[in-house]
Amino acid sequence: QEGIVLFHEDRILDVNMSFCRMVDRSPDDLIGHAFSRLFSAGTWHVAAQAMSHRNGQPTEAILARRTGQAFPVEIAVRGLIYNDEHVLVASVRDITERKRARDVLQRQADIINQVHDSVVTIDLSGVITFWNLGAERQFGYKAADVLGRTFYMLFPDDDRKRMEDRIMEPLHDRD
């Protein structure tokens with residue numbers, strides 16, 4: 001759900017119900033009050049600096065619910081005219097789950113990098129999407145050099161088609 005906040009300087013002019021649910025407050029608790037009071041201590045100035053560009057580029061910040069519980073958000077701000085007044089509109093997304101998933105993936109990648117064996121993942125097109133330290137040792141390529149490239153580059157020219165068929169065949173058999 002995307003929360004929307006219309007504000008001028010630091011005063012909230014209007015909000016949508018998605019934003020109200022996000023911060024666990026009613027529109028009356030928000031409209032006319034300072035937008036900055038919803039940010040966790042010390043994060044308003046960082047967010048305000050990033051939002052001052054008004055280019056719609058998202059920036060991360062920490063908001064606080066009515067209970068004081070802090071949660072990460074992504075905010076993108078643009079200018080517009082509202083009731084004949086130049087105001088800012090902030091699009092706010094709760095990114096708690098995204099950050100949690102990113103942390104889990106990072107922990108898994110850290111564990112896989114501890115494995116001495118090669119661990120390589122490819123997508124259905126054969127493009128390398130993960131390359132651990134074991135693969136670096138075995139094949140001699142750094143992850144930065146192979147990510148986004150085809151897995152079949154690791155095989156001699158005369159072996160590539162055979163290896164591609166061998167790897168992809170079980171996937172095609174599922175159809």
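Some observations on this one:
- Filtered by the rule that a residue be open to solvent by less than 50 Å² (accessible area, probe 1.4 Å) and more than 22 Å from the chain's Cα centre (by Cα), the stretch 128-143 gives Asn132, Gly134, Ala135, Glu136.
- Among the conditions (1) out of contact with any strand residue (DSSP E or B) (no Cβ under 9 Å at 6 or more places or on another chain); (2) polar (S, T, N, Q); (3) within 30 Å of Gln49 (Cα to Cα), Gln138 misses just one, which is (3).
- Test: residue in the stretch 98-107 that is at negative phi, free of Cβ contacts under 8 Å to residues at least 60 places away in the same chain, in contact with a Lys or Arg (Cβ under 6 Å, 6 or more places away or on another chain) and not basic (Lys, Arg): no
- Residue-level check: of (1) within 30 Å of Gln49 (Cβ to Cβ); (2) surrounded by fewer than 12 Cβ atoms within 10 Å (Cβ to Cβ); (3) small (Gly, Ala, Ser), Gly148 misses just (1).
- Residues (on the phi > 0 side of the Ramachandran plot and at pLDDT 90 or above) located in the stretch 111-147: Gly140
- Residue match in the stretch 96-117 (condition: open to solvent by less than 30 Å² (accessible area, probe 1.4 Å) and farther than 30 Å from Tyr141 by Cα): no
- Cβ-Cβ contacts under 7 Å between residues 6 or more apart (or on different chains), taken from a first residue in the stretch 18-29 that is without any contact (Cβ under 8 Å) to a residue 40 or more places away in the chain to a second residue that is among the small types (Gly, Ala, Ser) and open to solvent by 50 Å² or more (accessible area, probe 1.4 Å), are absent.
The values are calculated or read from the model by the stated rules, or taken from the named source; none is laboratory data. All figures in this text were calculated on a predicted structure; none of them were measured in a lab. Heads up, the Cβs are rebuilt from the backbone with ideal geometry, glycines too, and the neighbour counts pull from every protein chain shown. Just the protein is used for accessible areas: all its heavy atoms, side chains included, with ligands, DNA and RNA removed. Shrake-Rupley method; radii C 1.70, N 1.55, O 1.52, S 1.80 Å.
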